[in-house]
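The values are calculated or read from the model by the stated rules, or taken from the named source; none is laboratory data. Remember, it's a predicted structure, so these values are computed and weren't measured experimentally. Methodologically, a virtual Cβ is constructed for each residue, glycine included, from the backbone with ideal geometry; neighbour enumeration extends over all protein chains shown. All accessible areas refer to the heavy atoms of the entire protein, side chains included, with ligands and DNA or RNA removed. Shrake-Rupley method; radii C 1.70, N 1.55, O 1.52, S 1.80 Å.
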Amino acid sequence: MRASGAARRPARQRRTGPGGVRTSRARPVAIVAGLVLSFSLFTLFGTVVLSLLHLPAGLIRWVGIGALLLLGAAMLVPPLERLLERPFARLSLRVPRIKGDGAAGGFALGVALGAVYVPCAGPVLAAIALAGATDTIGPRTLILTAAFAVGTAIPLLAVALTGHRLADRVRALQRRQRAIRAVGGVLVIALAVALALGVTDLIQRRVPDYTQAVGDRLGAAAIAPQVAGTGSLQQCQQAAFTGTAQLADCGPAPEFAGIDPWIGGAPRTMAGLRGKVVLIDFWAYSCINCQRELPHAEAWWKNYRDLGFEVIGVHTPEYAFEHDVGNVTAGSRKLGLTFPIAVDNRTATWSAYRNVAWPAGYLVDVTGTIRLVSLGEGRYDKTETAIRSLLLAANPGATLPPATDVPDATPRNKDRTPELYLGAEKQQGYGGAGGYDSGTRAFTLPDAVQPNTFALDGTWTIDPEGIRARERAALTLSYTAQRVYLDVGGSGTLTVTEGGAVRTIPVDGPPDIRTVVDRQTSGAGTVTVALSPDLVAYSLTFG
């Protein structure tokens with residue numbers, strides 16, 4: 001039976017606070033709003049601090065797992081819980097009292113409480129760090145923070161607005177509070193163990209991600225509002241990874257964003273390219289995979305441009321030196337590229353396409369719809385067949401020239417050594433003794449270099465992206481490949497020693513690929529490369 005009208009609170013009556021002072025109904029909303037704003041800003045500030053410290057992603061992951069384990073243990077063991085809460089209890093006492101019972105005073109109070117809430121929410125933030133520790137401040141990080149803030153605000157606001165009513169109805173839960181916290185502790189510990197063992201990754205691979213379409217739309221809305229139907233774009237990207245890509249509707253092609261400058265012509269827009277078949281080709285000039293793919297894009301451009309075909313090269317840098325427009329221009333000239341190039345130094349166009357690889361191609365039809373995605377090298381005949389098909393669909397009576405005949409240089413030796421980054425920030429494959437932190441120090445070559453690793457000898461300066469040669473600097477690599485490439489720049493020489501043979505390679509100019517090993521067939525080998533002082537090396541790649 002409904003309560004009578006006399007028993008209800010009058011619609012415009014305001015609740016009273018301590019001492020009978022009337023409190024604005026907007027105050028709880030203002031408190032939560034201030035808390036969420038403050039919490040979000042402090043969280044993003046912490047993300048910036050972590051990125052500036054250049055902590056390894058693996059370290060952050062294990063710290064997060066440790067925090068979850070500690071939280072679970074605290075929920076099971078009350079003395080440990082009280083010990084962990086003690087510092088935050090002291091901190092909460094330092095929050096200044098905010099005068100005023102209106103919305104403004106409530107908002108100020110919420111801002112102050114947000115600073116306290118950040119460390120109190122640390123275990124939850126640790127879980128977020130496990131998923132996004134490698135992100136920089138950008139749309140993904142902002143969306144992640146906003147989603148957590150909104151998720152935090154909803155229950156806080158519900159409690160603030162209805163807490164006086166809930167209090168009378170949760171007595172049973174209060175009596176079972178210890179058991180509920182114990183169950184929660186077990187679940188948190190189970191989550192931490194699952195994260196440590198990679199069980200969550202296995203589940204993600206095996207169970208269809210029914211929430212991904214929503215996440216994709218949120219991400220696309222933040223990155224490029226003009227992108228619609230991006231779930232299908234991701235499906236096309238996944239098909240490209242698995243080698244099953246074919247002509248499909250992958251959604252509308254995003255507009256170019258953040259391009260400065262354009263090389264080889266006036267700025268282009270996707271809207272202005274309507275009516276043409278367009279290949280959007282993502283590349284970086286010192287990427288060996290791109291250097292093997294780009295001759296095909298150049299050949300298609302020359303073969304079909306008179307029939308309404310365009311190639312737009314989007315140069316998105318991986319290294320700092322690839323931001324230099326002069327280096328990009330020189331690199332494109334060296335590769336013989338004549339199609340227009342968009343310099344994507346802010347990675348805005350890369351993000352709009354949510355691209356994940358160098359090289360990558362997005363084939364767009366005359367309506368502006370992405371029809372085929374290619375990631376990495378190879379399958380050039382399939383891409384050219386799709387180009388010809390779209391041209392004929394747009395011009396049924398057209399006569400196409402013969403297909404291009406550019407050799408496919410994609411490596412076929414699947415056992416070859418994977419790419420090895422040399423800088424401290426992304427170092428992979430270091431097999432020498434001692435640490436590999438940023439700074440200058442002397443290295444000693446070990447007795448043996450293990451397969452697929454490298455070791456240093458002499459004095460080197462280790463930087464975040466590369467390594468700078470000093471006195472008697474040499475690098476020894478144990479590899480499996482037919483060809484070995486060193487991305488190196490500066491002015492000097494490389495002295496390459498393998499199997500008793502010694503040869504010298506001159507280096508002069510911006511960082512780029514130099515071939516240090518070129519064998520008849522693929523196989524295992526060990527090579528030593530001595531670098532003259534001040535040469536800087538960035539990566540080792542293989543073919």
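Over region 286-377, average the accessible area per residue using a 1.4 Å probe and give it in Å², no decimals.
31
Extension gain, Phe241 to Ala403: 0.36 nm times the residue separation minus the Cα-Cα distance gives 55.8 nm. Note on Leu76 and Asp447: with the Förster distance fixed at 35 Å, the Cβ-Cβ geometry gives a FRET efficiency of about 0.10. The amide H of Val516, built 1.01 Å from its N in the peptide plane, has Val484, Tyr485, Leu486 as neighbours under 5 Å, considering only residues 5 or more places off or on other chains. Taking every protein chain into account, the 1.4 Å probe leaves Lys276 with about 80 Å² of accessible area, to the nearest ten. Shown in residue order for region 514-524 are the 3J(HN,Hα) couplings computed by the Karplus curve 6.51 cos²θ - 1.76 cosθ + 1.60 at θ = phi - 60°: 10, 7, 9, 9, 9, 9, 6, 9, 6, x, 7 Hz (x for Gly and Pro). Annotation: aspartates and glutamates with alpha-carbon distance below 17 angstrom to Lys382 (same-chain offsets under eight excluded): Asp249, Asp281, Glu293, Glu298, Asp365, Asp405, Asp408. The lysines within cross-link reach of Lys426, meaning a Cα-to-Cα straight distance under 27 Å and a gap of 8 or more places when in the same chain, are Lys414.
With a Förster radius of 30 Å applied to the beta-carbon distance between Val183 and Ala146, the computed FRET efficiency rounds to 0.50. Of the solvent-accessible surface of region 455-507, computed with a 1.4 Å probe and all protein chains present, 48% belongs to carbon and sulfur. The string of couplings for region 401-416 from the Karplus curve (6.51, -1.76, 1.60, θ = phi - 60°) is x, x, 5, 5, 9, 9, x, 8, 8, 4, x, 9, 7, 5, 8, 5 Hz, one whole number per residue in order, with x for Gly and Pro.
Using the Karplus relation 6.51 cos²θ - 1.76 cosθ + 1.60 with θ = phi - 60°, the per-residue 3J(HN,Hα) values for region 441-457 come to 7, 8, 10, 10, 5, x, 4, 9, 9, 5, x, 6, 9, 10, 9, 10, 9 Hz, with x marking Gly and Pro.
Counting 0.36 nm for each residue step from Arg519 to Val502 and taking away their Cα separation leaves a gain of 4.7 nm. Applying 1/(1 + (r/R0)^6) with R0 = 51 Å to the Cβ-Cβ distance of Ile154 and Lys302 gives a FRET efficiency near 0.30.
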